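Student: To start, I am sharing the structure in question, which I have written as structure tokens.
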Amino acid sequence: MPQEISVLAMLICFFVFSLELLGQPEEAEWRDTVELYKEEKTLLRYYLFEGLRYVWLDRKGAFCCVSVLNEDWTCKDLHGCQKGLSPLEQSLRRRMYGANIIDVPVKPYTKLLFEEILNPFYMFQVFSITLWMIDAYYYYALCIFIISVISITISLYETRKQSVTLRNMAQLVTNVTIRRNSGAEECVSSVDLVPGDCVIIPQEGLLLPCDAALLAGECLVNESMLTGESVPVLKTPLPAGEGKYSSDTERRHTLFCGTQLIQAKGGMPGCGGAVAVVTNTGFFTAKGNLVSSILYPQPINFRFYQDAVKFLLILGCVGKSFSSDLTRVYRELIIRSLDIVTIAVPPALPAAITTGTIYAQRRLKSQGIFCISPPRINICGKLSVFCFDKTGTLTEEGLDVWGVMEGGTDGFSELVPEPRRLLPGSMLSGLACCHTVTLLRGEPLGDPLELKMFESTDGNVLDAEFGGHKVLAVMRPPTRIVSSTREAVAIVQRFPFSSALQRMSVVTVAHGGSSALAFMKGSPEMVASLCRVETVPAQFSTKLRIFSSEGLRVLALAYKPVDCSHSCASVHRGEVERDMQFLGLLMMKNLVKPESAKVINILRLAHIRTVMVTGDNVLTAVNVAKSCGMVGSDEKVIFVTATPHTAQSMPSLRFSLEDGGTTVLMRATIFARMAPDQKTQLVKELQKLNYRVGMCGDGANDCGALRASDVGVSLSEAEASVASPFTSKTENISCVPLLIREGRCSLVTSFSLFRYMAMYSLIQYCSVLILYTLKTSVADLQYLFCDLLLVTVLAIVMGKGAPSEELHPCRPPASLLALPVLGSLFIHTCMTILGQLAALFITTSQDWYIPLNSTVYGTHNLPNMENTSVFDLSGFQYIIMAVVVTKGYPHKKPLYHNLVFLFVLFIHFALMTWLVLYPGPFFSRILQLYNITDTDFKMLLVGVAALNFLICFVVEVLIDLGFLNCLRLLRGKRPSKKLYKRLNILLSDSTSWPPLNQTLSPTSHTVVCLS
């Protein structure tokens, strides 16, 4: 049943329908839909929120997300779905789950217009225009009205265009083949799919319209849209265990919505294709979750944006507080009071402060860095720690085989530099078979590491039948091996690599199924723990430490015979990966990218902490860290071994010191053997310490950490990846300093624009207050001249300043309510008032001065000398403030690099000087300026403006040098609001930290929770 989903607000729709008795359920029927089979009429109550359906469950007594109905499914339950659903059961589930479609609503222009006008910005504009019309400011009100209409039109067009684009990207309707419980196959629309449907995937693949668990066969999948990973991933069948199914932990067995299935095979004997069962549909899929995050982004907790709102409220209060007692006429009092409020609160401020972000986004795009969340550009300027994945990020993606060493009960053999030189045996067979390499159009395709390993054996992958057996791939030994031993073997079962398990394994059979072998490869520590103790060489730990310390990527291999009396294709992973026989070690050289050391050095000089997060061995990670400069070559390294909580022991930390070095690192720099969820947890824990955390990675294992971080950078060839806010086409981390520099430049520009717009309002506010006191006012076209020709043009070109070429050790501030900002605005406002009063008093002291007509009020008293002198000086002050608040060093290039801004400043200074010295009769009449003939007086006004500029400029320089910081001494030194800074002081003062050669556990130490 189609439901319209609101993009901006929650839509709650309660729907009631009745179902008559349709059949008697079995005992093992689906637990939460069994109520629908009762004879009495059943009510289904649900509502939609942000695209997700929430249903009422009596057993929980609450509305729950409909996905809870299948959250308890086990892997065994999913395998039971291979028989398919009946049409009746599918119909009932479709009513419960809804249609399988990611429906992005495209609102009509009338509704968009209504919502746009309700925006506080436009509500304030409507209020202001109405007030100006009442006050006879017809030209100014008409101009602002036209600009607002144009702005609303553009906004509506862009909003609808984005909605249509997102809808076209999100919606996927295709025909799929499903299996019914009768065994028949039926072609249905993907809109009708429900969780539990058994889907037949064709051999040529398809664009998947739902999330599904792969039950039989293998699929080669392109997941670049979700992860940014350009290398296709091989998905293998889900093991039929009793464990609870989760798409996060079973990624290698899960096909995600929106990904392109390139090919499928091995799912059904005698034909290609694969078999999968639907697990999630609509907005509950991985693609739906990402679309939902675009439609309903999480609010960004950034102090700059919070302070901007507070400051607008402060300006409004200031405007209201000085807007009384300006006239004795009650109606005039109300109009004057409200008019001053519209002047004190700049309506264009929210739009103006985004100018710097827009310019930064354009510059980043020109450098190959794409952003899907522009507000995060400013956050880049406040990053205090940056985490890096190792393989493919700090080091090259591809690895070169460095050598192989066979091991056994007698120890290790000599190092063999090239695996192809190994004698025929289990080690060579393991290298040739234990991988997920597959053929695509006759070319081997797979993980770069496994491709290198496989190619080093000179083996061949065959895509052929194997004695009528259902197989996944056929491996033929190298051609140099004599014919008697060149018999091909077939891979009948694959258990893919898991970061959490740190291993993968395969089951192979010889021709005819006469013998079967299982091979396993993975991290040496994990593989050795799953082997029989007597088969692991005594020198295992020593050899591993030596190779890892040299920066080599070390993998271990093991094997064991498998009983082939039963089907090898249905053997469980737990049965295969135990009691193995150790085979040996494979060493691969992973070179550090040449740009890595330079970038790490830049970040260290900028006082940005760098952290390596990797799933590799800690010694290998230490070697890479030393190669790229994260760890100094003369520094000591403290190894912290974490032991998890078990039934027999409490969790503990063990500190040990590496040999050599002179200093001790105070904070962790390397986190090794980290699973994907642990990377995400690490980022979140750093954020709890008030760090602004950046993360740079290139693979699917980093997606969680990329999304959890404040600034996630994905190294991908895709122009935009939903895996992270930023995507860089550059294949190295050189994009990181560029991103931080642009972030700092954007943040400083936003500060400058905010202060300028605030000062523009305060300058105009002061002018109006002075003139209202004298019973006159600012002319209609004078407002228009200052607001549009002076302020708007300057605000647009101010943000074009480019970032500095270097990263400075200090970060720009993020608080608008800090002492330097408020102090600067206060002092400049005082200088503004003094300047305008000086111009007024100089005017009234002249011999030719003619007093105002006291019987006439407001604009009816124009032109007059008081208005002309205040207008002339305030015009200069708008230009002066644009120069004063525009910041350059150290986060932006100096002002003279912004040539467009300099040109506009020159034109504006020339224009205002001309209006003061000789405006001419035409412009004097248009702007309602009094014709003052005294040239010396006019030159004196220009001199007052110059003096105003000099004083404000010197004051701003002193503030930048920390002149106002002396006021903080009056309140005394306060502890930092950043938790990590307070902890760093505590650790620096502690003589017992780090506790070397000690084991810390909750039983011997107090655990303190800092929040």
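Just so it is clear, none of the values below were taken in a lab; they were calculated from the coordinates. Note that the coordinates shown come from a computational prediction; the quantities given were computed from them, not determined experimentally. Cβ sites come from the backbone with ideal geometry, for glycine too, and all protein chains shown count toward neighbours.
Student: Distance from a point 7 Å along Cα→Cβ of residue 963 to each backbone N in region 831-875: keep the residues under 18 Å and list them by number.
Tutor: Hits in region 831-875 for residue 963 at 18 Å: 831-835.
Student: Can you give me the P(r) profile for region 109-170? Cα pairs, bins 10 angstrom wide beginning at 0, each as a whole percent.
Tutor: Reading upward from the zero bin: 21, 42, 24, 9, 4, 0.
Student: Turning to a different aspect of this structure: Where the Cα atoms of region 761-891 are projected onto their three principal axes, how long is each span, largest first, in whole Å?
Tutor: Cα spread of region 761-891 along its principal axes, largest to smallest: 61, 27, 25 Å.
Student: A further question follows. For the residues 435, 607, what sequence is obtained by ranking on other C-beta atoms within 10 Å, fewest first?
Tutor: On the way: 435 29, 607 12.
Ranking 435, 607 by Cβ neighbours within 10 Å, fewest first, gives 607, 435.
Student: Let me ask something else about it. Among 686-692, 815-821, what's the highest-first ranking by average C-beta atoms within 10 angstrom per residue?
Tutor: Highest to lowest by the protection proxy: 686-692, 815-821.
Student: What ranking, highest mean first, results for peptides 163-175, 747-759 when packing means the other Cβ atoms within 10 Å averaged over each residue?
Tutor: Highest mean packing first, the order is 747-759, 163-175.
Student: Which lysines, if any, have their Cα less than 18 Å from the Cα of residue 688, not counting same-chain residues under 8 positions apart?
Tutor: 382, 679, 977, 978, 981
Student: Additional query: Can you pull the one-decimal nm distance between simple spin-label points at residue 730 and residue 841, each 7 Å off the Cα toward Cβ?
Tutor: 5.6 nm
Student: Please give me, ordered by residue number, the GluC sites (Glu not before Pro) of region 720-806 that lie in loop per DSSP and have at most 11 other Cβ atoms within 10 Å.
Tutor: On the way: sites: 731, 742, 805, 806; in loops: 731, 805, 806.
The qualifying sites are 805.
Student: Which far-off residues, 5 or more places away or on another chain, put their amide H under 5 Å from the one on residue 181, with H placed in the peptide plane?
Tutor: 85, 86
Student: In sequence order, what are the phi-derived ³J(HN,Hα) couplings for region 443-451 according to the Karplus relation 6.51 cos²θ - 1.76 cosθ + 1.60 with θ = phi - 60°, rounded to whole Hz, with x for glycine and proline?
Tutor: Once rounded to whole Hz, the list reads 10, x, 9, x, 4, x, 4, 5, 4.
Student: Another question, if that's okay. How big is D, in µm² s⁻¹, for region 175-295 by Stokes-Einstein at 10 °C and 1.306 mPa s if Rh is the Kirkwood radius over C-alpha pairs?
Tutor: The diffusion coefficient I find is 110 µm²/s.
Student: Let me ask something additional. Can you work out ³J(HN,Hα) from phi for every residue in region 731-748, in order, using Karplus 6.51 cos²θ - 1.76 cosθ + 1.60 and θ = phi - 60°, giving whole Hz and x for Gly and Pro?
Tutor: Once rounded to whole Hz, the list reads 8, 9, 8, 5, 6, 5, x, 4, 5, 5, 4, 5, x, 5, 4, 5, 5, 5.
Student: Of 182, 499, 761, how do they rank once you tally other Cβ atoms within 10 Å and put the fewest first? Kindly include the intermediate steps, with their values, before the conclusion.
Tutor: Values: 182 11, 499 18, 761 23.
Lowest to highest Cβ neighbour count: 182, 499, 761.
Student: Let me ask something else. Work out the FRET efficiency for residue 681 and residue 146 from their Cβ-Cβ distance, taking R0 = 60 Å, and round it to the nearest 0.05. Mind showing how you got there, number by number?
Tutor: Numbers: r = 54 Å, r/R0 = 0.89.
My answer for the efficiency is 0.65.
Student: By the gyration tensor of its Cα atoms, with a ≥ b ≥ c the square roots of the eigenvalues, what is the shape of region 848-914: rounded for a/c under 1.5, prolate for a/b over b/c, or oblate?
Tutor: Values: a/c = 4.35, a/b = 3.11, b/c = 1.40.
Verdict is prolate for region 848-914.
Student: Taking H placed 1.01 Å from N in the peptide plane, check which residues at least 5 places from residue 610 or on another chain put their amide H under 5 Å from its amide H.
Tutor: 386
Student: Now a separate question. Output the peptides 855-864, 444-453 sorted from most to least packed, where packing is the average of other Cβ atoms within 10 Å over each peptide's residues.
Tutor: The packing order, highest mean first, is 444-453, 855-864.
Student: What FRET efficiency comes out for the pair residue 545/residue 452, r = Cβ-Cβ distance, R0 = 30 Å, nearest 0.05? All intermediate terms of the calculation are to be shown ahead of the outcome.
Tutor: On the way: r = 24 Å, r/R0 = 0.79.
E between residue 545 and residue 452, to the nearest 0.05, is 0.80.
Student: Which order results if 698, 103, 847 are arranged by neighbouring Cβ count within 10 Å, fewest first?
Tutor: 847, 103, 698
Student: My understanding is that a pair violates if its Cα-Cα distance is over 30 Å; which of 598/892; 287/598; 244/684; 244/265 do that in this structure?
Tutor: In this structure, 287/598 exceed 30 Å between Cα atoms.
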